[in-house]
Every structure is written in structure tokens, then in C-alpha cells.
Amino acid sequence: MNAVEIEQAISDLALQPFDAAEFPFAFLAAFGNKETTLKRLRAGNNNASDVPGGVLQRNNIHIAVCSPGTTGAGLQALRASPATAKGKAKFILATDGQTLEAEDLSAGETIACDYPSFPDHFGFFLPLAGISTVKEIKDNPIDVRATGRLNKLYVELLRENPSWATAERRGDMNHFMARLIFCFFAEDTDIFNGEALFTRTVEQMSDRDAGNTHQVLSEIFRAMNVKIADRAAANLPRWADAFPYVNGGLFSGSAEVPRFTRMARTYLLHAGTLNWKQINPDIFGSMIQAVADEDERGELGMHYTSVPNILKVLNPLFLDDLRAQLEAAGDNKIKLLNLRKRIARIRVFDPACGSGNFLVIAYKQMREIEAEINRRRGESHLGSEIPLTNFRGIELRDFPAEIARLALIIAEFQCDVLYRGQKDALAEFLPLTAENWIVCGNALRLDWLSICPTTGTGVKVTADDLFGTPLNQTEIDFENEGGETYILGNPPYLGARWQEDAQKDDIQGLFAHRCKNWKSLDYVSGWFIKASDYMGHGSALAAFVTTNSACQGIQVPTLWSMLFSAGCEIFFAHTSFKWQNLASKNAGVTVAIVGFGRSVRGTRRLMSVAEDGSLVVKLVDNINGYLTAGANIEVEKASSPMCQQAEMTFGNTPIDGGHLLLDARELEALGLDADQASRFTRRIYGSSEFIRGVPRHCLWISDEDLAEATSIPAVRKRVELVRESRQKGGATAKEIAVRSHQFQRMNEGRFQTIVVPGVSSENRPFLPVGLIERGAVPSNKCFALYDAPLWNMALIASRLHWVWIGTVCVRMRTDFSYSNTLGWNTFPVPLLTEQNKADLARCAENILLAREAHFPATIADLYDPDTMPENLRQAHEHNDEVLERIYIGRRFKNDTERLEKLFDLYTKLVAKASSAKPAKAASAKKAARKAAA
Ligand SMILES: C[S@@+](CC[C@H](N)C(=O)[O-])C[C@H]1O[C@@H](n2cnc3c(N)ncnc32)[C@H](O)[C@@H]1O
């Protein structure tokens, strides 16, 4: 169940008459527990409660229904109950149907409220449904509730008015929803006169069967588009005349409203009963977007980018600097005035703004600083000088774009109320201005300069329809000559494999003339290059949230070398962290933030999360495209190891049309005796065979054994089939068709073979390296080190290597794609002494032994991050400890520090190699001259 569904379920429960016996089960059902689970609890089988009237669901909640007036004592009894501890309850809850008290035992937080209002605290209980919630929602669930109510209305209206669901009318539908949201907000904030004017008018003037609801709404909307002076001629009904003139494009254009059903009317009235005053335009906007998007609706109420995450972009980009200036200004009136002027001319531009959350937060933060300036200058009465139109956005989808404008308007009003008081806020709020500053369109196709011109010289065009998003009416005079521009946001990331054709076209349009590798670029690269181009026309700084992949593997030599040669520099970066919202599918997105610009001055800030979770901020001279401190280096393929490590090659490539490879059944079908099986076949390991233990075999026939092997009909048949398939194949296949009993190459270790799967999940904390048994061979889906000393395995199993591979190699979706030339040969290793090698070999042995203790668990079982056995984890810890001490004499603090060291070593290795090259060439020339003489 998603957050919205849970909210609705517990709201429904609270409305029903209290049933003491049924309450615990109804409560659990509201959080998504299945009937079978509840049946078992009801029957007492799974109910381990030791409290009268109690129901205990293990690892979840202990509920007690108490006699009237004893809720507090009931909660106390639950807290003291041995069953609560034994059953590992996370929550305890007691209620007598009048009041309700609950405690989150891990956080130590409690709530106490009247029973009917417990749904107001539903955010508190969300962890019961496995949803780790955020403070803003816990404290103020209005945004989820509003989303839920409007979603019901939206779905019902589309059901009744299918034509409004068509592509042509979707815009009208979304516009209608934006109008409704505005009305709900306006009636709760005194923007409309009288209490609940909108909801009350609809309730009173529309029939219960909803036959005329659309007409009533239409008249109200029409009224809000008629200036007061023109009202007499407008022939408005008296009840509609009570509504103010709003304009701003929101109510211009057609006042047509979809037809309502009785149900839809009820939903609308329900939505009106919420207190919309408390709406958070940033949170609500992100959530409500899903209503208009069928794919996202299942995750309703879940998409929400937390304010602290947004601040990770805004603060280092420019807010920290504004705050520092505020601090430095103290009470100096002139300095404060200058800062205020500066702030008023700052433009914030989000070219993938969604419902405007980054813009809203930026606006609110800037208003906070401005308010403090005004306070210190004794001018708290002054209106804000920060124009809303300085907060510009581009958004592809029209509903979020509508919501973004609305969110900004609401944010402005809320800030005015907060800093200037309700009276002043109201006095200036209406009518809305009609400028269009959020553009609905494709940011990778639009000219950013026309949407956010770099100086105040743009043509002033006042759009006649703020909400109509006419692209040709986007040039608004900014009055901000010399002002700063900050480009920011979290554009869609989309790796190359996930892009739709149109998106690939966007990337081609932007990059095909600049680089060869454009096909491998992430979609987000488009925003980086557009920002860089924009910066060529005037000063601006940018910061985007992006998946790590934009700063890894092939993207670095492709995208970042382009940006650096355009003069861009990274002035701050926040390396990998989890970008959480409530959405289940998004739970694990790991992102980075990159701030960049041209002519950046001063030291750079590199932020990362330490292993203990704390934030580490380092001031460094340069940040490279891999987001590490150091020179702008690009890791290039090396044909052999740059340090002492052993040679690593591909495993054996079959090119066999599938006929050399055998599963267990096919092996058996060959009908070989034990001796033949051991001479003519081998166990073979590719990625999934090694990681998941899938058994696979292959024909492995030496030339000497060929005659004997092919005397077995089933073997001969297979060899023939291989030949046929090779003869139909490409040049390489044809070339080896003459020896179709064999793989392209026949490599195997004499003593031992270390294998590394070519592709493995990034969720595993270590790369799945290991030994395969003697007599087994690796396939080309693995890399192999034949008869290499075991300390090599210790290197590959280390966190250092995991970090290096994750950074410099290409990714396949979220998987690591290992490369010997790019990842292993380039892996910088300090000079290892014999003692170091012996220590590392022992570490590798310990890892193997630790795995052995769990036989027959597979690598996939053993390296599941949630269930990795402790002894194995410790063996890896020890391996890291030993290896990291070789690098720096202690453990690294975090991956950022690891990468920094690796890049430092790599830079030195490259420098050494290139200084050695001319010397080598010179001595070769000298030798050649000598020989010639
Ligand atoms: C990751 S969301 C970020 C939105 C918002 N900042 C948030 O946190 O919810 C990316 C937004 O970019 C929009 N988008 C995708 N492709 C776009 C394009 N080519 N031009 C403009 N916007 C685009 C999507 O519709 C989506 O709203």
C-alpha cells in the first residue's frame, strides 16, 4: 500500500463507530496486512500478547484496547510487557475509543490524541507499512491527504468525462485541477472572503445529485476572471459575485468544467474540508504530480524530494554565500541594503523543474534572508523585492508545470503572511500577475537564453495567459542587469539503455557534432552541456543532482572532458549519497551533486558521507570529473598492468552456436563414462555460474583426444553443429571452424584460476572474485588470472578495488561491468613487499575459508548485503585493513578518500610512464643506430 492508500484507510477507520474487539485488526488491515495474516492473529495462533485485550504482531506493533479512561495506563502496560520486548514490537498503541496513545519504541517518540483525530498522525505510523517517512510528512500529513482526496476526484472525473482524458483535453483537465487547488487554498487563507467560501458555495448551490455542479463551478471560475469594475455587466449570479477577481491567467480562457457524478461532488467537498493553509507547496507539488500520470499513480504520495536534499544543492551553490554575507554585514545598514539588492536580482533557473520544488525552496530561503535583512534594518514592514518571476523553470509535462506556477504563488503568499502579516499579504496578493515564467516544453530543445536571458535586455512581453504557457511569450524583462543566475535541479538521469528514441534524438542533437561517444551518454548530460553553453553567454553557475554514472566510466572522458575544455570547473561536489523519497521504486537511487561554472575562483568544496554517516567537507584545489580531489585526469585503457599485479585475460570464448556448452541434462545425454567425462568435458564458469552456482559444463577436447572423443556419436554431432554454426558466422568464427571441437582459445590454469565475473550487481559490498576448482575453466563471461599468486585475489576482493571499478569502468544499468584493461591494469597498487604479498594471500585464504564455512551457499547468497555472514564480513574487513595499511598506514575514512589516493597514485603512474616513454624510445633509437653502425 502507498502512503495515500494508508491515509485513506485509517481515515475511514476513524470515521466508523469504535469497535473494541475489531479495532486492532482493522488498524492492521489499514496498513496493508492481508486477511490471512489477520485470521491467524484473530485465532490467537500468532498473537503473542500478554496484555488483556492485546494483539501483538511480531516485529511490528503491540496494540491494546483498554476500558474507558485508561489509555495512559494501557500504554504503560504495553511498555512494561515482556511480550513487547520478546516480540520485538516497534510500536505500542493503546486506545479506549475516546483517546489514543502510541509510542515509536525505536525513536522514543510518542503521540496522544483524541481517537477521531488519530489519522492526523498517520505519518507517525508509516514505518508499520515499511515506509520510512520524513519529518515534514510525519509532522504535517496534509500534503498526503490532499493528494489522496484530489486523486479520487481526478480519477472519478476522468471516468465520467472520458474525452477529458484524451491528449487534446488533458491540458484542460490539468488546468481545471490547478484552479481547484487554488480555490481550496484561497478559501482557507482569507484570500476569499468568508469561511470556506468555495466549498460552502459548491455545497449549497449544486444539487445533491451533482447534475449542475459543473455549472456552479463554471460560474465561480468566470467570476474570478471578471474585474470588479466590470462585474455589473457580467451578469454573474450573486453567490458567484462574492468571489474576487483573480486573473493571472488562472481563470482566463474557457470556464468549462467537467461533469460531476454524485461521487465526484462528494470527493470535492471532502477535499474542501482539509486545512489547505498548511499545504507545503514544495511537498504537495511533488506528490500531486502523480495524479495526472498513470504510471506514477501507483506510487501516489510517495514522490517527494526532501528539503534537506534540495538544500544540498542550493546551499553550496549560492545560499551559503548569501548567509555568510548576511553574517558579515552584521548590523551595517549599507551592507545589508547591498545584500538585499543583490538578492533581488538573483535568478534561479530550474530547467527540469517538475512541480517547482527546487524553485519554491530557493524562493523561501531567499525570503528568509531578506526578512532578516529587513529586520536588522528596522524595515520589517517593507514588501519583498524578490520578484517571483526571477524563479524560472522548464518542465516537459503540463500538469507539473501548472503546479509549479501555483506552488510558487502559494509560497509567495505564505512568505508574505509569515514576514509581513496576513493583512499586507492579502492586500497585495490579488490580482495575480500574468507573466509566464514556467515554460512547458523540452529543455533540451528550447533555447535557455530566451527563457532566462542573461541580462535585463529581454523584450518585455506580458502574457495574457499565465497558465497557457505560450512558448513565444516567454521573454520577460528581468530588471536585473548584472544579476547572478543559478541553474539547478534534478533532471532525469536515464542511462543510455533507458532512453526512448526521442530522448536519444535530444542527446544526438546536442552531442553528435561534439563527440563520437555520444550514444553512451546519460540523458542528464544534456542539462550539463546546455548549462555550459548558457554560461558562454553570461555569468552563471549551475548545480545538478545526477546519478553517479554521470561521473563514472565512459562519461568522464566524454562529457567532462568536453565541459572542462569549454572552461567549466567543478567548484563543489557532493559524492554518492542516497536520494530518498517515499517511493518504493526509488528507494535506492544513489546520486551525486555537481556544482560547476566557468571562471570559478577560490577553493573547491568536496563533500562526502563518512562511513559513520557524518558529513565530511574538504577544501581542495581541484575536483575532477570522477568527483575526487586532484587533476582533471581521465583513466585510459592499459594493455598490461601498470603495477605488479598479474595479467588478467578474458575467459574462454565458445563461438559455438551453443553446442560446446552443456547443462546437466545435456551432459548426461552424451552418455560418457567417468573417464571420458573427465577427459572430454569440463565444468565451466561464467558470471551466473560463478555467482549463482548454476552448474554448466562444456566439451573440452584436446587435439590428441579428438579422434577418440568424436568416436562418440553424441560428441561428434555436437562438434559438427559447432562447425556448421561457425561456417555461417563472421570472419573469426569461420577461421576457427576447422577446429570446432574447441573454444576460440583454450586457456586453463595448471594450479589455480582466479575468476572475476564480467558483470555483477553494485549492491554487493565487494566484487565477487574467487577461485574455481582445478579442472574447471572460465568462460568469456568472466575474467581470469591463470596460476596467479593468491594475493591478486585479495586486491580484487578489496573495497579499494570495488571503488575503483565502480568509478572508472562502464556501468550496465546499475551493475558493474568489469574490465581488465580499464579497471585491473590501471588499478594503482603501491610497491608490495614479499611480506605484503604473503599477508594479502593469507587474507584471500581467509575469505575463501569464511565462504567455505557456509557451503553450499552461493556467492549470491553470501554477498547479499542484508544477510552477509559475519565471519565473511570480518574476513573482508581484515583484508581491507591489511591492504589499506599498505596504502596509507591506516584505514581510509570513506570511499572519497580511497578514490583520492587511487587517483593520486594513478596520476603519478601515468606521469612516470610518459616520462619513461621518450627515454625508452631514445634508447631504442640509440640501440638501432649502434646496430646499423
Ligand atoms: C527527476 S524529476 C525532478 C522534478 C522535481 N525537481 C522533483 O524533485 O520532483 C525530473 C523532471 O524533469 C522533467 N523532464 C523530463 N524530461 C524533460 C525535458 N526534456 N525537458 C524538460 N523537463 C523534462 C520530468 O517531467 C520531471 O518532472
Practice prompt. Check ASP656 against each of (1) touching a helix residue (DSSP H, G or I) at 6+ places or on another chain (Cβ under 7 Å); (2) within 30 Å of THR575 (Cβ to Cβ); (3) crowded, with 22+ Cβ neighbours inside 10 Å and name the one condition it does not meet.
Written response: (2)
Fill in: Conditions (1) away from the ligand (no atom under 16 Å from the Cβ); (2) at pLDDT below 95; (3) assigned to a helix (DSSP H, G or I): number failed by LEU406
(1)
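When the residues of the range 344-369 are filtered to those that are part of a helix (DSSP H, G or I) and more than 12 Å from the ligand (Cβ to nearest atom), which remaining residue is farthest from the chain's Cα centre (by Cα)?
That would be ALA344.
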Discussion item. Within the range 711-721, does at least one residue satisfy the condition of being outside any helix (DSSP H, G or I) and more than 30 Å from THR590 (Cβ to Cβ)?
Written reply: yes
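Listed here are the residues, each with its yes/no results for (1) charged (D, E, K, R); (2) more than 16 Å from the ligand (Cβ to nearest atom); (3) in contact with a Cys (Cβ under 8 Å, 6 or more places away or on another chain); (4) in a helix (DSSP H, G or I).
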position	(1), (2), (3), (4)
GLY253	no, yes, no, no
ALA290	no, no, no, yes
LEU311	no, no, no, yes
LEU326	no, yes, no, yes
Worksheet item: Do we find that TRP437 is closer than 24 Å to ILE343 by Cβ, within 13 Å of the ligand (Cβ to nearest atom) and in contact with a Lys or Arg (Cβ under 9 Å, 6 or more places away or on another chain) in this structure?
Response: no
Fill in: Selection count, the range 370-399, where residues are within 16 Å of the ligand (Cβ to nearest atom), outside any helix (DSSP H, G or I) and either buried (at least 20 other Cβ atoms within 10 Å of the Cβ) or of a type in the set (Gly, Ala, Ser) (or both)
5
Worksheet item: Which residues, counting only those in the range 862-872, are at pLDDT 95 or above and surrounded by fewer than 16 Cβ atoms within 10 Å (Cβ to Cβ)?
Response: GLU870, ASN871
Worksheet entry | Filter result (out of contact with any Leu (no Cβ under 6 Å at 6 or more places or on another chain) and not in a loop (DSSP other than H, G, I, E, B)) within the range 62-83 | VAL65, THR71, GLY72, ALA73, GLY74, LEU75, GLN76, ALA77, LEU78, ARG79, ALA80, PRO82
Worksheet entry | Qualifying residues in the range 729-745 (those that are outside any loop (DSSP other than H, G, I, E, B) and either without any contact (Cβ under 8 Å) to a residue 24 or more places away in the chain or in contact with a Leu (Cβ under 8 Å, 6 or more places away or on another chain) (or both)) - the one surrounded by the most Cβ atoms within 10 Å (Cβ to Cβ) | ALA737
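For a quick check of your reading: which helices (runs of 4 or more DSSP H) sit entirely within the range 831-916 and have at least 1 residues that are touching a strand residue (DSSP E or B) at 6+ places or on another chain (Cβ under 9 Å)?
In the range 831-916, the matching helices (runs of 4 or more DSSP H) lie at 834-852, 859-862.
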Item to complete: Mind listing whichever residues of the range 522-556 are assigned to a loop (DSSP other than H, G, I, E, B) and either within 14 Å of the ligand (Cβ to nearest atom) or among the basic types (Lys, Arg) (or both)?
Response: ASP522, TYR523, VAL524
Fill in: Pair list, Cβ < 9 Å and 6+ apart or interchain, from the range 395-406 residues that are more than 14 Å from PHE349 (Cα to Cα) and of a type in the set (A, V, I, L, M) to residues that are part of a helix (DSSP H, G or I) and within 6 Å of the ligand (Cβ to nearest atom)
ILE403/SER286
Worksheet item: Is at least one residue of the range 419-429 within 28 Å of the chain's Cα centre (by Cα), surrounded by 16 or more Cβ atoms within 10 Å (Cβ to Cβ) and modelled with pLDDT under 90?
Response: no
Worksheet item: So, of the residues in the range 490-510 that are modelled with pLDDT of 90 or more and touching a Lys or Arg at 6+ places or on another chain (Cβ under 9 Å), which turns out to be farthest from the ligand (Cβ to nearest atom)?
Response: GLN508
Worksheet item: Looking only at residues in the range 39-59 that are more than 17 Å from LEU93 (Cα to Cα) and under 39 Å from the mean Cα position of the chain (by Cα), which one is surrounded by the most Cβ atoms within 10 Å (Cβ to Cβ)?
Response: ASN46
Worksheet item: Which residues, counting only those in the range 273-288, are at pLDDT 85 or above and in contact with a Leu (Cβ under 9 Å, 6 or more places away or on another chain)?
Response: PRO281
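Per-residue answers, yes or no, for (1) surrounded by fewer than 19 Cβ atoms within 10 Å (Cβ to Cβ); (2) under 30 Å from the mean Cα position of the chain (by Cα):
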| position | (1), (2) |
| --- | --- |
| ASN151 | no, yes |
| GLU168 | yes, no |
| ALA186 | no, no |
| PHE198 | no, no |
| VAL202 | no, no |
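The values are calculated or read from the model by the stated rules, or taken from the named source; none is laboratory data. Owing to the predicted nature of the structure, the values given are computational and were not obtained by experimental measurement. Cβ atoms come from the backbone with ideal geometry, glycine included; neighbour counts cover every protein chain shown.
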